[in-house]
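Written out below as structure tokens is the structure these notes cover.
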Amino acid sequence: MKKEPSKGWLDFRDKAGEQLKGAGARAAGGLSAGAKRSGAWVKDSFRVEKGDAARLLTEGLFFQNPLLVLTLGVTCALASSAELKSAVAMGGCTLLVLLCSALVISLTRNILPAPVRRVGGLAIVAAFTTAVGMVFQVLAPNRAAELGIYLPLIAVNTLLLTRAAAFDAENKPGRALVDALGAGVGYALA
């Protein structure tokens, strides 16, 4: 014998369904508005004017080349440049660490208080250096062995610390990434 649902249960089910549909529509509207705000924030944070981007890249490649002009990071560059393959590997690792740390440091610039930014920047650079070193050891163990201690020294390389403290912590992510790209490619080419 099948038991029929009560009238109270049927009324509750119908009202709950209508309320859920209304709540879903309100939630979707709220999510849509939040997505629009987030999209506007991302667009604003990563927007770089063409002239500004060209200037930042040109400065990093030529006029403020971290290795040639500022003589930063000379030890790692000299030690790893005995062979072209090692120099390219060190330049690529440095570029990758520069890009990743510039992005994270720039995104956390308003979160970290000014006295802690330098130490926070050092921790961020060290974390990315460790991660890049581990990936490099898995992908190219022989090349990683040739670079030896100079690969982990990227973390305390004055190039990265100076870039992080001076530029990345004061600029939006888009500008920080373009500047890091110019500095990293300039370092790798030198």
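A residue that is more than 29 Å from residue 84 (Cα to Cα) and either exposed (fewer than 15 other Cβ atoms within 10 Å of the Cβ) or at pLDDT below 85 (or both) cannot be found anywhere in segment 138-149. Count of segment 44-60 residues, restricted to those that are touching a residue at least 12 places away in the same chain (Cβ under 8 Å) and either open to solvent by 60 Å² or more (accessible area, probe 1.4 Å) or within 23 Å of residue 190 (Cβ to Cβ) (or both), is 9.
Only residues that are open to solvent by 70 Å² or more (accessible area, probe 1.4 Å), part of a helix (DSSP H, G or I) and either at pLDDT 75 or above or over 30 Å from residue 177 (Cβ atoms) (or both) were counted across segment 1-42, and they come to 11. The residue list 179, 168 contains one member that is modelled with pLDDT under 80, open to solvent by less than 50 Å² (accessible area, probe 1.4 Å) and under 17 Å from the mean Cα position of the chain (by Cα), which is 168.
The values are calculated or read from the model by the stated rules, or taken from the named source; none is laboratory data. Worth saying up front: this structure is predicted, and the values here are computed from it rather than measured. Positions of Cβ are backbone-derived with ideal geometry, glycine not excepted, and every protein chain shown enters the neighbour counts. The protein model used for the area step is the full one, side chains on, heavy atoms only, and it has no ligands, DNA or RNA in it. Shrake-Rupley method; radii C 1.70, N 1.55, O 1.52, S 1.80 Å.
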